[in-house]
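Read through the structure below, which is laid out as structure tokens, and then see the notes.
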């Protein structure tokens, strides 16, 4: 009996500590000076009306255009701690899996208020919108934008959920040749468009493969995301393997990686176009 109550007490204390930690990360007042340590964080803050409250960000934060005027305090590999401190932020929003952990730990030791962003699913973009809106004093606009995002996502999912699957290979990088699998951000988008990824069950979410594996998989479409929607020069010249169905029919798609890869509302814009292109080749195949 004593062991049972001891276990219950431990569980309760653990829950209280977790709740305390969550509330400790919530500022008592809306943040006025924000450092946003990822491009997607900047975009989402602008979307909920908090763009003018950003006083620092990292490289590649380029949307909306006003984001280009925000001072840079680092990149994915290193943060300028002195510049961060000089910005006098009352809130730092860090990308949990995309910022240097040692720099974030140092900022935390220095007493700066840090919260984390980590949208792992399409649906969680809506959660981020609402969360950022609460942190910055724009709750109503955040709720509105989140509802709009989920509505668009549901419509897109419904539009393609009964479509016949088509096999597709996504060339994330060429050297080394890398694709996507399992619960990766882009795999979710392929699922919406009803694309069967032959590498979906790989051991990692971003497996490195070889050309021979792609030839054997015989994809019906090849998707090559690239910056600004232009075909990247380093992508593999698949014309060397005309036996691949996608090569034989010319079924290549070049979505804008700046939109598709970023966890924001604009991802749905590019996802809509991606599904339309895939539907074109699906219809062509059926006819």
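The values are calculated or read from the model by the stated rules, or taken from the named source; none is laboratory data. Since the model is a prediction, treat every value here as computed from it, not as a measurement. All Cβ positions, glycine included, derive from the backbone under ideal geometry; neighbour counts span all protein chains shown.
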Quiz item: Hey, among the residues in segment 72-123 that are under 19 Å from the mean Cα position of the chain (by Cα) and in a helix (DSSP H, G or I), which one's nearest to residue 260 (Cα to Cα)?
Solution: 123
Quiz item: If you scan segment 34-61, which residues turn out to be loosely packed, with under 14 Cβ neighbours inside 10 Å and either more than 20 Å from residue 96 (Cα to Cα) or in contact (Cβ under 8 Å) with a residue 24 or more places away in the chain (or both)?
Solution: 52
Exercise. Restricting attention to segment 152-197, report how many residues are over 12 Å from residue 223 (Cα atoms) and without any contact (Cβ under 8 Å) to a residue 12 or more places away in the chain.
Key: 5
Quiz item: Would you say residue 169 is closer than 22 Å to residue 255 by Cα, at pLDDT 95 or above and more than 17 Å from the chain's Cα centre (by Cα)?
Solution: yes
Self-check item: Qualifying positions in segment 173-187 - in a loop (DSSP other than H, G, I, E, B), in contact with a strand residue (DSSP E or B) (Cβ under 9 Å, 6 or more places away or on another chain) and at pLDDT 95 or above
Solution: 179, 180
Quiz item: Mind checking which residues of segment 75-100 are surrounded by fewer than 20 Cβ atoms within 10 Å (Cβ to Cβ) and either under 21 Å from residue 133 (Cβ atoms) or touching a helix residue (DSSP H, G or I) at 6+ places or on another chain (Cβ under 8 Å) (or both)?
Solution: 78, 81, 90, 96
Quiz item: What number of residues within segment 124-141 satisfy the criterion of being more than 27 Å from residue 193 (Cα to Cα) and within 18 Å of the chain's Cα centre (by Cα)?
Solution: 2
Quiz item: From the list 129, 190, which residue is within 21 Å of residue 265 (Cβ to Cβ), in contact with a strand residue (DSSP E or B) (Cβ under 8 Å, 6 or more places away or on another chain), assigned to a helix (DSSP H, G or I) and at pLDDT 95 or above?
Solution: 190
